[in-house]
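The structure under discussion appears below in the form of structure tokens.
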Amino acid sequence: MNRLVVLACAVVAGLVAVAPTATAESGRGWAATWASSPQEPHPLVSPVWAVDGFDNDTVRQVVRISAGGPAVRVRLSNAFSSTALTVGGATVALAADGAAVRPATVRNLTFGGKRTVVVPPGGEVVTDLALLPVAPLQRLSVTLYFPTRTGRVTGHTFADASSYHAHGDHRADVGAGAFGESTQSFYYVSGVDVVDLSPRRDVVVAFGDSITEGAGSTPDGDNRYPDELAERLKGRVPVVNAGIGGNRVLNDSTCFGDRAVDRFARDALAQPGVRTVILLEGINDIGMSEIDFECALPNTRVTAAEVIAGYRKIIRQARAKGVRIIGGTLLPYKGSDYYRPRGEEVRDQVNTWIRTSHEFDGVVDFDRALVDPADPDALNPTYDSGDRLHPNDAGHRAMAQAVDLALL
């Protein structure tokens, strides 16, 4: 028998069974290795699958985990749905090319020993343990079958990772033939955890907006800054991504999710095994006050003091849970659609406070790592994806390199 399977069996003997309707908060023996922050779909930004839902459909979603382990479990969220969700079956497997999976690695996922589950409106479920040994930085496919109409889908809009659709029940298919459509969003899958054999919590959560989420990096390239950070750590410490494009610290958005001060508990502190959070958020609070767009409402101007007050609320939440929190300075954005001199003054004040207040447990100076040497208000052209706001692959790599691993 595989040594990892033997280890998993030993750990399972000491784990407390997780009921299908339980939350995903950490218990002993589990660590988050991948995550995606759930959102409510919106017709202006979400794919049609999320808005119209599924009915006798299978969705296969490919994720790259950060740390390995002898077994896995999957978390599903119905947080923003008004109707109960029936999952008619689910599998996990090692991914191959596209929608294909590696033969002999398909595992049926169960929920309290059953292959089907009903997730209540606003609820979350956690699967039972699946004996599938996984290595750091490995790609997994999570496949869900929905036998009846789902209604609007809780998911993640800007995943920059391919999900595949097939009509009918194809959860156990090894080949890609039935999966004729794809999008760059996630549906219902909010996390993957591994059996954790380490003696302490060590998960790192990268929490933020579109820059953390991965905007500007190559789709399906796994080059987001949290991915690059996971590569630096080589599986020694799990890193999960809790970024949402367009998200703000202070205001909710119908398109871009709950404000950071409210979603922090769910998307960061509830990650199994979390020890450290890297916070990078606030540029949308500054920039959206300057544009007229439904998704930016309310677009009232913010002050540095207001953004800092939001940070302090997040810091207090982290400290109350015994979680370390690292502050990331806001990247330069001159030349972007967001940019205004007034907003730049706010960004400078916020960054000065992050660097000098000592209210965070540490600082990652993303601003100085990616700034244009010829203009302190602009992104270095080497790191610019083209919109003067979001880093390209090289920029995301530079962000990861800016993190002092000793902070983690």
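The values are calculated or read from the model by the stated rules, or taken from the named source; none is laboratory data. Only a predicted model underlies this, so the values are computations on that prediction, with no experimental measurement involved. Positions of Cβ are backbone-derived with ideal geometry, glycine not excepted, and every protein chain shown enters the neighbour counts.
Which count do you get for residues in segment 271-307 that are more than 30 Å from V74 (Cα to Cα) and either in contact (Cβ under 8 Å) with a residue 40 or more places away in the chain or among the polar types (S, T, N, Q) (or both)?
Number satisfying all stated conditions: 22.
Which one is surrounded by the most Cβ atoms within 10 Å (Cβ to Cβ), of the residues in segment 192-226 that are under 20 Å from R75 (Cα atoms) and charged (D, E, K, R)?
Once the filter is applied, the top-ranked residue is D193.
How about segment 229-250: which of its residues are out of contact with any Phe, Trp or Tyr (no Cβ under 8 Å at 6 or more places or on another chain) and surrounded by fewer than 24 Cβ atoms within 10 Å (Cβ to Cβ)?
The answer is E231, R232, L233, K234, G235, R236, V237, L250.
For segment 361-383, how many residues are farther than 24 Å from Q349 by Cβ and of a type outside the set (S, T, N, Q)?
1
Looking at segment 188-218, which of its residues are over 12 Å from the mean Cα position of the chain (by Cα) and assigned to a loop (DSSP other than H, G, I, E, B)?
Y188, D196, L197, S198, P199, R200, R201, D202, A215, G216, S217, T218
When you go through L379, L370 one by one, which is the residue that is farther than 16 Å from P226 by Cβ and either of a type outside the set (F, W, Y) or out of contact with any strand residue (DSSP E or B) (no Cβ under 6 Å at 6 or more places or on another chain) (or both)?
Sole residue among the options that is farther than 16 Å from P226 by Cβ and either of a type outside the set (F, W, Y) or out of contact with any strand residue (DSSP E or B) (no Cβ under 6 Å at 6 or more places or on another chain) (or both): L379.
Given R301, R316, which one is surrounded by fewer than 17 Cβ atoms within 10 Å (Cβ to Cβ) and within 25 Å of the chain's Cα centre (by Cα)?
R316
Would you point out which residue out of V239, V261, V274, V205 is in contact with a Ser or Thr (Cβ under 6 Å, 6 or more places away or on another chain), among the β-branched types (V, I, T) and not assigned by TED's automatic domain parsing to the domain that holds T127?
Result of the check over V239, V261, V274, V205: V239.
Go through (1) surrounded by fewer than 19 Cβ atoms within 10 Å (Cβ to Cβ); (2) among the polar types (S, T, N, Q); (3) touching a helix residue (DSSP H, G or I) at 6+ places or on another chain (Cβ under 6 Å) and name the single condition T352 misses.
(3)
Taking the options V63, V45, name whichever one is under 21 Å from the mean Cα position of the chain (by Cα) and modelled with pLDDT under 95.
V45
Scanning for something over 29 Å from N223 (Cα atoms), among the polar types (S, T, N, Q) and modelled with pLDDT of 95 or more, does segment 123-144 turn up at least one residue?
For segment 123-144, residues over 29 Å from N223 (Cα atoms), among the polar types (S, T, N, Q) and modelled with pLDDT of 95 or more: absent.
Within segment 355-386, restricting attention to residues that are among the polar types (S, T, N, Q) and surrounded by fewer than 18 Cβ atoms within 10 Å (Cβ to Cβ), which residue is farthest from A309 (Cα to Cα)?
Checked segment 355-386; the qualifying residue farthest from A309 (Cα to Cα) is T382.
Could you count how many residues in segment 117-138 are of a type in the set (A, V, I, L, M, F, W, C) and closer than 21 Å to T83 by Cβ?
Looking only at that region, the number is 5.
Would you mention how many residues in segment 325-376 are of a type in the set (K, R) and in contact (Cβ under 8 Å) with a residue 40 or more places away in the chain?
So the count comes out to 4.
Could you pull out the residue among D173, D160 that is assigned to a loop (DSSP other than H, G, I, E, B), surrounded by fewer than 24 Cβ atoms within 10 Å (Cβ to Cβ) and at positive phi?
Exactly one of D173, D160 is assigned to a loop (DSSP other than H, G, I, E, B), surrounded by fewer than 24 Cβ atoms within 10 Å (Cβ to Cβ) and at positive phi, namely D160.
Let me confirm something: among N223, N241, N284, which residue is modelled with pLDDT of 95 or more and in a loop (DSSP other than H, G, I, E, B)?
N223
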